[in-house]
Amino acid sequence: MPDPTFLFAQSLSGLTAAMFLFLIASGLSLIFGVLGVLNFAHGSFYMLGAYVAYQLVQVLGRDPAAFWWAALGAACAIAVLGGLVERLLLRHLYAKDVLYQLLFTYALILVLSDAAKVVWGTGQLSIARPPELAGATRVLGTLVPHYELFVLLLGPAIALGFWLLLHRTRAGRFVRAAALDREMLGALGVNVSRLYTSVFVLGSFLAGLGGALIAPAKAIVPGMDVEIIVEAFIVVVIGGLGSFWGTFLGAVIYGQVLSFGILIFPRFSIFSVFALMAVVLILRPWGLLGRPLKT
Amino acid sequence: MLEVRDVHKAFDGFQAVAGVSLALARGEIAAIIGPNGAGKTTLFNLVTGHLRPDAGAVFLAGREITGLPPHRVCRLGLGRSFQRTNIFPRLTVFQNVQAAFLSHRGRGLDLLSHVEHLYRDETEALLASLGLLERAGELGAFLSHGAQKQLELGIALASEPKLLLLDEPTAGMSATETHETIRLISRIARERGLTLLFTEHDMDVVFSIAQRITVLHQGRVIAEGVPAAVRGDPEVRRVYLGERR
Amino acid sequence: MSARARVPWGLLGVLAALSVPFLGSRYYTFVATDVAILALFAVSLNLLLGYTGLVSFGHAAYFGVGAYTTGLLMKKAGVPFVLAFPAAGVLAGLLALVFGFFCVRLTKIYFAMLTLAFAQIVWAICFKWNDLTGGEQGMPEIPYPDLAWLERLPLVGELRTSDHFYLLTVVLVALCFWLLRRVVGSPFGRILTTIRENPERAEFIGVHVRRWELLAFVLAGAFAGLAGGLFGIFNRGVFPDFIYWTKSSEVLIMAILGGMGYFYGPAVGALVLLVLNQQITSYTEYWPFVLGSILIVLLFAFPGGLVGALDAGRRRLLRLGRA
């Protein structure tokens with residue numbers, strides 16, 4: 001029987017990873033749910049969020065709240081970028097085959113990752129933790145950085161905010177209706193094109209925010225876009241594409257499987273999450289909490 | 001030829017088909033009518049295996065086909081056309097019909113023959129009888145709506161069915177097209193000795209070719225019989241004909 | 001078809017390809033080998049994509065497994081190429097049979113996701129199984145097949161080993177193309193197109209859709225495996241990258257860029273992409289940026305792919321000529 005302290009630490013680190021992933025995957029899932037587009041470039045938006053936050057921290061310099069302003073600014077910048085992409089390009093592909101949309105977002109990955117290399121180079125960059133969260137506390141015998149605790153609380157907070165947005169506002173109701181039945185929306189007299197743009201902007205905002213928030217915990221490097229998108233895909237597939245709580249559940253499961261998978265099969269922990277994804281797809285293709293797509 | 005025995009089907013608690021029975025003799029031409037949502041298309045889907053009934057049984061030529069998948073049902077001699085036109089849009093007219101011949105004659109797993117000339121004569125003869133031969137090289141997608149419906153009939157006929165189910169064969173057609181299609185269908189049914197079951201909105205069509213009519217309402221059979229009897233049935237007049245005229 | 005004599009394009013293509021080593025440039029042979037192998041990879045994918053209408057996002061799995069199979073057999077077991085090469089197709093085909101069994105139960109986006117998940121499983125195994133595959137470091141130094149007999153031939157004998165391997169590649173790839181062409185021109189191939197066009201209708205002309213999809217999946221996987229077997233030798237090593245999902249999307253891009261509605265479309269896509277890659281990387285390291293931009297332009301301007309655009313142009317010319 002392994003030491004309980006160790007198990008706790010392991011589970012906690014899995015949960016932190018899960019909350020970051022949730023932030024990214026929820027946007028991906030939202031966009032798929034409403035627009036029906038699987039946005040590969042979501043990972044690129046996340047990466048750019050991290051780079052922009054880094055840049056803003058450099059600019060703001062000594063300001064004690066520099067990190068927070070930078071995170072907000074980065075998220076907004078990525079939201080604007082997302083809006084432009086949707087308005088100028090993506091929307092012309094809605095009528096075409098899904099394949100073209102996939103390919104377009106994949107092309108965006110290529111363009112954006114190189115653009116980031118041109119601007120920020122290929123080295124590792126990092127942001128210091130905000131001063132008020134620089135410390136660490138001992139919880140059940142494990143030293144937990146404050147920043148990690150912050151992320152652990154932020155995940156559920158954002159989930160809650162999201163839930164309120166979807167269930168307590170008019171726009172939220174449309175979004176939910178769209179996720180259930182896209183054809184119904186036009187009949188309801190909703191301006192579908194504006195709704196699509198708003199959802200894409202919101203999803204991009206979340207991706208940018210996720211990137212900015214992860215920057216103090218992880219190095220900013222080229223390639224983080226491709227890495228995260230695969231993880232986010234697994235999360236939304238497990239939880240159910242387009243399902244909000246499914247994404248949350250998927251992220252938690254992913255984090256736990258990854259951190260405990262390392263204990264059970266030290267060499268095959270990546271294997272275990274892909275296997276989990278395959279099993280879910282075979283048994284319940286629409287995910288744990290998702291609904292079957294209409295055919 | 002076809003026997004449907006007390007089939008039921010519900011969707012999310014909504015009883016779409018609630019205990020329908022009907023029987024068709026060989027060579028008979030029968031129609032199912034009823035207001036929208038009466039369960040006509042659902043009934044068809046239960047017969048053809050696209051849906052599995054919650055209860056009840058379906059027999060084709062004495063053999064039980066309840067719950068068999070569509071491709072098996074098709075192979076047992078049941079042809080079908082769909083309410084929304086259902087062809088292979090980016091194949092040529094010739095290829096549309098030829099593919100049905102290939103599949104029906106068991107050549108679908110043949111990896112070695114050249115496909116171009118297989119069943120050319122049969123396909124061309126069938127296209128000629130549908131009046132589509134001169135358009136054989138065009139893509140299905142470029143045909144008019146009426147011609148697509150005829151093509152779909154051709155696809156169904158290539159499987160050499162004993163029983164043909166047509167879901168609204170004249171839906172969306174002009175008066176002239178409707179007239180032509182009906183003449184075509186009855187001629188082909190006669191020539192091939194087909195048993196025919198169809199649904200239709202257009203009452204003129206129904207009363208001009210059906211030998212027997214079944215009226216569905218809210219998932220149940222409310223009347224059945226020869227056209228004259230159905231036309232005179234007070235229940236039918238009330239729920240259906242009365243509503244429409 | 002008109003009464004015009006048919007030009008034997010296939011034969012001309014093979015002859016042209018065979019003449020490349022005689023240009024005497026190591027570089028040309030290198031690029032041509034790359035093109036020939038990836039063209040086969042892309043055309044094999046198109047059996048699913050263009051003919052059956054299935055978007056596989058994990059086709060690299062079969063390519064990679066083929067590469068590991070041939071590589072392992074030749075390097076570690078000393079098996080000759082004549083056995084190790086077909087083994088790549090067989091093993092990749094078997095793997096496709098197992099994975100495909102599950103994949104064809106799903107449709108559209110779920111199909112794509114499951115192919116991706118399976119491919120990533122294979123990748124994770126190859127990435128970590130150090131004892132067998134060399135793990136992250138891969139498996140370098142795959143030997144060339146023994147082609148000593150070519151050296152005794154006139155003319156060909158003067159060429160380098162890599163040229164000899166290239167000639168072998170061209171012959172094998174041409175053979176695979178011929179087989180695949182037979183497949184798509186067969187009744188089976190025609191039934192696949194009905195599934196692409198309308199699976200519901202295909203079911204109702206008596207086609208057991210899943211079974212046909214599975215067979216197509218196996219064939220596509222097997223030919224991808226053969227391409228992989230050649231590629232491992234050409235590349236002088238097999239690496240887990242071969243299987244990573246970005247490799248699967250590269251081959252999808254080749255197929256779509258070239259034109260998935262045409263048999264040789266994906267091969268043209270492979271040619272254009274690889275040659276462009278060579279040209280552009282000599283100017284700038286930002287090849288992905290260029291590729292991404294080209295792709296976006298193409299998606300908006302020529303959705304039928306390059307061959308589609310050429311075909312449309314040719315028809316327009318013909319119409320002008322007649323007018």
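Figures for the structure shown
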item: For the range C:70-81, 3J(HN,Hα) per residue [Karplus equation, 6.51 cos²θ - 1.76 cosθ + 1.60, θ = phi - 60°, Hz, x = Gly/Pro]; result: 4, x, 4, 4, 6, 7, 8, 9, x, 6, x, 4
item: Check: the protein assembly as shown dipole with +1 on Lys, Arg Cβ and -1 on Asp, Glu Cβ, in debye; result: 1080 debye
item: Links that overshoot a 21 Å alpha carbon limit, given the list A:96/C:108; A:218/C:128; B:9/C:108; result: A:218/C:128; B:9/C:108
item: If the convex hull is drawn through the Cα atoms of chain A, its volume per residue in Å³; result: 141 Å³
item: P(r) tail fraction, the range A:200-295 - alpha-carbon pairs more than 24 Å apart, %; result: 28 percent
item: Ranking of A:76, B:74, C:176 by count of other Cβ atoms within 10 Å, fewest first; result: A:76, C:176, B:74
item: Surrounding net charge for residue A:18, when Lys and Arg each add one and Asp and Glu each subtract one, Cβ distance under 14 Å; result: -2
item: Among A:133, A:78, A:163 - extreme Cα towards positive end, dipole of the range A:20-221, charges at beta-carbon; result: A:163
item: Charged-residue dipole, Cβ positions (Lys, Arg, Asp, Glu), the range A:20-221 about Cα centre, Debye nearest 20; result: 280 debye
item: Viscosity 1.567 mPa s, 4 °C: Kirkwood-radius Stokes-Einstein D of the range A:37-181 over Cα pairs, µm²/s; result: 71 µm²/s
item: In order through the range B:3-9: 3J(HN,Hα) via Karplus (6.51 cos²θ - 1.76 cosθ + 1.60), integer Hz, x for Gly, Pro; result: 10, 10, 10, 6, 7, 10, 8
item: Relative contact order (percent, whole number), chain A, Cα cutoff 8 Å, 6+ residue spacing; result: 35 percent
item: Cβ neighbours within 10 Å from other chains - mean over B:65-78; result: 3
item: Value in Å of the Kirkwood radius, where the range B:26-116 supplies the Cα pairs that are averaged; result: 15.6 Å
item: 20 Å binning of all Cα-Cα separations within chain C, expressed as whole percents from 0 upward; result: 31, 58, 11, 0
item: Cα principal axis extents for chain B, largest first, Å; result: 58, 38, 33
item: Charge tally in the Cβ shell below 12 Å around residue C:111, where Lys, Arg are +1 and Asp, Glu are -1, residue C:111 excluded; result: +2
item: Magnitude of the charge dipole, the range C:9-244, Cβ model with Lys/Arg +1 and Asp/Glu -1, debye to 20; result: 460 debye
item: Cα Rg, Dmax, the range A:107-185, angstrom units; result: 20.3, 54
item: Cα shape, the range C:256-323, gyration tensor, a/c 1.5 rule; result: prolate
item: Neighbour-count ranking [beta-carbon atoms within 10 angstrom, fewest first] of A:200, C:127; result: C:127, A:200
item: Over chain C, relative contact order from alpha-carbon pairs under 8 Å, at least 6 apart, %; result: 32 percent
item: Other-chain or far-sequence residues with amide H under 5 Å of residue B:32's (modelled H); result: B:198, B:199, B:200, B:214
item: Kirkwood Rh in Å, taken over all unlike Cα pairs in the range C:208-323; result: 16.4 Å
item: Spin-label proximity, residue B:10 to the range B:52-85 - amide N less than 12 Å from point 7 Å beyond Cα toward beta carbon; result: B:54-55
item: Sequence-distant residues sharing a close amide H with residue B:217 (under 5 Å, placed H); result: B:222
item: ³J(HN,Hα) computed for each position of the range B:27-36 - Karplus, 6.51 cos²θ - 1.76 cosθ + 1.60, integer Hz, glycine/proline x; result: x, 7, 10, 10, 10, 10, 10, x, x, 3
item: Average Cα contact separation per residue, chain B, under 8 Å, 6 or more apart, as relative contact order %; result: 27 percent
item: Hydrodynamic radius of the range C:123-260 per Kirkwood, over alpha carbon pairs, in Å; result: 18.1 Å
item: Directionally averaged projected area (convex hull, Cα atoms, the range C:1-156), nm²; result: 13.3 nm²
item: Over the protein assembly as shown - Rg/Rh using Cα atoms and the Kirkwood inverse-distance radius; result: 1.01
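Where a number appears in this text, it was derived from the coordinates with a stated rule and is not lab data. Worth saying up front: this structure is predicted, and the values here are computed from it rather than measured. No Cβ is skipped: glycine too gets one built from the backbone with ideal geometry, and neighbour counts run over all protein chains shown.
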